[in-house]
Amino acid sequence: QGKFTLLRDTRTDGSFLVHHFLSFYLRAGCKVCFVALLQSFSHYNIVAQKLGISLTAAKERGQLVFLEGLKSCLDLLFGEEEEQSGHPSPLQFISESTSNLKALFDFVRTSLTPADSDSWKGPVLLVDDLSVLLSLGAAPVAVLDFIHYCRVVVCSQLKGNIVVLVHSNEDSEDEENELVVNSLCHHSDLILWVEGLATGFCKDVHGQIKIIRRVSLELTAEQDLVQIYQYKIQDKNVTFFARGLSAAVL
Amino acid sequence: MAAAPAAGGVARGRGVTSFQRKAAAGSRLAAVAGTRPSVRHGQLLLSSGLPSLDCVLGGGVAVGTLLLIEEDKYGLYSNLLYKYFLAEGVVCGHDLFVASAKEHPDNILKELPAPLLDDTHRNELGEEATAVKSEDFQDSMKIAWRYQNLPKMEASPTTSTKFGHYYDVSKTMSPELFQSIKCHSFYLPEELSLQAKMKTCNMNSAYTRLLESIHRIIYQEGFDGSDPQKKQKNILRIGIQSLGSMLWGDDICSSDTPEDVHSLTKFLYVLRGLLRKSLSACIITVPAHLIQNKAIMERVTNLSDTVVGLESFIGSERETNPLYKDYHGLVHVHQIPRLNSLICDVSDTKDLAFRLKRKLFTIEVFLMRRRHVTYAKKVRSLQQLIRAAISTILRHPSVRKPHLEIQRLRDVSDLTRTRGVGPPPPNSRPC
């Protein structure tokens, strides 16, 4: 409860973790607010169905609040004035000159604040992915502020969890992105770092995942626990195994 | 895979999104011309115009996605890919949207390569292909013999496919083929005089106008499914040339610290939204080698679906390097999208090269062939030795089946030729 998990990927695509967490929290009965900035709703829906969850049904029940970033952006730019009465678009910062993510934060807060009729277990905020906000013109400080505000509301006040996906590269020249990623790393309770193999592409081992439990944040003078596994993604699940012990080798 | 009902995300009654599962029951959607469903996830695929590139991309370009080509140094080969994509649209009967800031779209359309549709042309092409193959075979693999059996990543030109066609670069497409095609064009110098109606979002005005134009066409022509009367669904192929170059009013290619770093990425994000909600696909060529700020290219890659980079050998030392003499450049596949699935169809071979033969442009697995004249001489002298050995052995009275032995000796000589082991001593028996 009240945990901030950072999903980080380098040289590979870590979105399988997002699909996993989405179906995991929905199955656990939590109320999920999913800020999906990069793909369409049907993409997540089809993968979730393979994992055994129907996102449309979850939306209808009110368990899932889905912000489809692509659609919202189009409505903002091409939509008529009448459609926007009442609720400002969560992605308002794209059309404004101030890179202020307040509208997005308000959206998250209103969707996760429990109404009286709700019977869901803790709220969860899922973001895929944060690096897109930088590409859309948000300043890195604004992004960090947004995450900070979300943590205060979701983790501390509502005792929920946050899961955020960011991209990073080793010799990346994208300093803004590196700034955001490093800062988030320092504040996370759990980091799942997905990396492509350093030796290049392999058919049987798609990458390695480093699980870092930030025990050092609890100020008990312990070091962070780091575990490294390799994984292979299949159609409906992902298999993890110790390094060097993939099924193809044994 | 469960026969899941199509989940088009259309709860708002907006119409068909491009990601609707088409694999259910066949009766659902009359196949749109020039597309085929992907085996893995039922996603509709289009041909990129180059069958060897389709192989590399796992079957083709998915409807609703963006194919980004990082231009080679002089833009020659990326321009070819751009034209192939549009030419494929003409042959399949798709609608075209041609956008450029440097060439008038009418001129671009006049220069599209002619498709090879006749059998006569196909045979000619087949001859050329086999001629190349036979000359290759003579100096077939000596050292890298393991690679000999790898597929060359080129579908045979003699098989007739409705998906993916071959084009003759030396001829241009005849105007009759265009008659039934709707071509929309966007030529920046002409558009700049008109007023922009869209809300600006601090984006470069050229990009704003282009987005507005694309959105208008998609909406008016019903590619987003907003017109339910339209029974015959069609695809819109969008081609944008040299996006990000100075001609589009963007200074990311000319300056280290550009004024507006976010215009191009915002454009790509909005374009992604437009593509996802319509039956369209887009090819964009970007002069990536000119963009100084590499952070921009990283963001551009993250916002695109398929990213392919071309590196031509023109002007580099590889042009005269004998190792590369069969090819004109290398192909780098930087990204392939994972659509509606946890995994993607990525090909195993990562070393790809392209070459422009007299008529055909192909992408192949990059194989280094070493041609050593002295080694060939050694092999020939070895073959003579073996033949002499055969004849002495055959003269021996105890030899019973001469033909078989000759056959087997031939295999031995084949073995030594391809494996590069030392010559066997002349007195050894055949194995």
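Quick note: the coordinates plus some simple rules give every number you see, no bench work behind them. Just so we're clear, the structure is a prediction, and the values are computed from it rather than from any experiment. We place every Cβ from the backbone using ideal geometry, glycine too, and count neighbours over all the protein chains shown.
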Point to revise | Listed residues A:PRO88, A:LEU190, A:SER119: farthest to the positive end of the dipole of chain A (Cβ charges) | key: A:SER119
Review point. Hey, got the dipole for the range B:292-387? About the Cα centre, +1 on K and R Cβ, -1 on D and E Cβ, debye to the nearest 20?
Key: 860 debye
Check your understanding: Based on Cβ point charges of +1 for Lys and Arg and -1 for Asp and Glu, what charge dipole magnitude is obtained for chain A about its Cα centre, in debye rounded to the nearest 20?
Key -> 1300 debye
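Per residue of A:132-144, count partner chain C-beta atoms within 10 Å of its C-beta, then hand back the mean as an integer. Before the final figure, lay out each step's value.
On the way: counts 6, 0, 5, 14, 8, 10, 1, 0, 0, 0, 0, 0, 0.
That works out to 3 on average.
Dividing the alpha-carbon radius of gyration of the range B:245-300 by 2.2 N^0.38 Å (N being the number of residues), what value is obtained?
On the way: Rg = 12.2 Å, N = 56, 2.2 N^0.38 = 10.2 Å.
Expressed relative to 2.2 N^0.38 Å, the Cα Rg reads 1.20.
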Study note, to complete from the structure: Projecting the Cα atoms of B:LEU279, B:GLY244, B:ASN202 onto the charge dipole of the range B:186-314, where Lys and Arg contribute +1 and Asp and Glu -1 at Cβ, the residue farthest towards the positive end is B:LEU279
Revision key, fill the gap. For A:ARG151, B:ARG216, B:ARG380, ascending order of other Cβ atoms within 10 Å (fewest first) is B:ARG380, B:ARG216, A:ARG151
Point to revise | In the range B:206-307, lysine pairs closer than 20 Å at Cα, eight or more apart or cross-chain | key: 5
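Percent relative contact order of the range A:210-250, based on C-alpha pairs within less than 8 angstrom and at least six residues apart?
On the way: 45 pairs, mean separation 11.6, N = 41.
It rounds to 28 percent for the range A:210-250.
Relative contact order for the range A:177-238: what percent, with Cα pairs under 8 Å and sequence separation of 6 or more? Present the calculation step by step, with values, prior to reporting the outcome.
Numbers: 82 pairs, mean separation 17.1, N = 62.
Worked out over the range A:177-238, it gives 28 percent.
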**Study point:** Proportion of all alpha-carbon pairs of the range B:247-386 beyond 25 Å (%)
**Key:** 50 percent
Point to revise | Whole-Å semi-axes of the ellipsoid equivalent to the range A:24-167 (Cα gyration tensor, √5λ, descending) | key: 24, 18, 16
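List the GluC sites (Glu not before Pro) within the range A:145-250 that fall in a DSSP loop (any state other than H, G, I, E or B) and whose Cβ has at most 16 other Cβ atoms within 10 Å. Show your work: numbers first, answer last.
Working: sites: A:GLU170, A:GLU173, A:GLU175, A:GLU176, A:GLU178, A:GLU195, A:GLU218, A:GLU222; in loops: A:GLU170, A:GLU173, A:GLU222.
When the GluC sites (Glu not before Pro) of the range A:145-250 are filtered for loop state and at most 16 Cβ neighbours within 10 Å, A:GLU170, A:GLU173, A:GLU222 remain.
Within a 10 angstrom radius of each residue's Cβ in A:43-55, how many Cβ atoms of other chains show up on average? Whole number is fine.
Details: counts 13, 3, 6, 14, 6, 1, 7, 7, 1, 1, 0, 3, 2.
Average per residue, whole number: 5.
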Revision key, fill the gap. Taking only the alpha-carbon positions of the range A:137-233 as identical scatterers, the Debye log10 I(q)/I(0) at q = 0.10 Å⁻¹ comes out as -0.35
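Can you tell me the equivalent ellipsoid semi-axes for the range A:29-72? Use √(5λ) from the Cα gyration tensor, largest first, whole Å. Numbers along the way, then the final one.
Numbers: eigenvalues 52, 36, 12 Å².
Result for the range A:29-72: semi-axes of 16, 13, 8 Å.
At 37 °C and 0.692 mPa s, what whole-number value in µm²/s does Stokes-Einstein give for the translational diffusion of the range B:302-383, with Rh from the Kirkwood sum over Cα pairs? Working shown, then result.
On the way: Rh = 15.5 Å.
Translational diffusion coefficient: 212 µm²/s.
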Review point. From the residues A:THR199, A:ILE233, A:ASN169, which one has its Cα farthest along the dipole of the range A:133-250 in the positive direction, the dipole being from +1 and -1 charges on Cβ of Lys/Arg and Asp/Glu about the Cα centre?
Key: A:ILE233
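Give, rounded to the nearest 20 debye, the magnitude of the charge dipole that the range A:27-140 has about its Cα centre when Lys and Arg contribute +1 at Cβ and Asp and Glu contribute -1 at Cβ.
Details: 9 positive and 13 negative charges, 142 e Å.
Here the range A:27-140 has a charge dipole of around 680 debye.
Two-decimal Rg/Rh of chain A from alpha-carbon positions, Kirkwood Rh?
Reported Rg/Rh, Kirkwood definition of Rh: 0.97.
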**Study point:** Relative contact order (percent, whole number), chain A, Cα cutoff 8 Å, 6+ residue spacing
**Key:** 25 percent
Review point. Just the C-alpha atoms of the range B:166-284: what Rg/Rh do they give, with Rh taken as the Kirkwood radius?
Key: 1.01
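If packing is taken as the average number of other Cβ atoms within 10 Å across a peptide's residues, how do B:303-309, A:180-186 rank, most packed first?
Numbers: B:303-309: 23.0, A:180-186: 16.7.
Ranking the peptides B:303-309, A:180-186 by packing returns B:303-309, A:180-186.
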Exercise for review: Write out the trypsin sites (Lys or Arg not before Pro) in the range A:192-250 meeting two conditions: DSSP loop, and at most 11 other Cβ atoms within 10 Å of their Cβ.
Suggested key: A:LYS203, A:ARG243
Practice item. Relative to the longest principal axis of the C-alpha atoms of chain A, give the angle of the C-alpha long axis of helix A:41-50, reported between 0 and 90° and rounded to the nearest 10°. Key: 40 degrees
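Give, as a single signed number, the net charge of other residues whose beta carbon lies under 11 Å from the beta carbon of B:THR172, with Lys and Arg counted +1 and Asp and Glu -1.
Details: positive: B:LYS83, B:LYS110, B:LYS171; negative: B:GLU111, B:ASP168.
Around B:THR172, the charge tally is +1.
What number do you get for the range A:94-158 when its Cα radius of gyration is normalised by 2.2 N^0.38 Å, N = residues?
The reported ratio for this selection is 1.22.
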Exercise for review: Calculate the mean, over all residues of peptide B:266-276, of how many other protein chain Cβ atoms lie within 10 angstrom of the residue's Cβ.
Suggested key: 6
Point to revise | Residues whose placed amide H lies under 5 Å from that of B:ILE238, excluding near-sequence neighbours | key: B:PHE97, B:ALA281, B:CYS282, B:ILE283
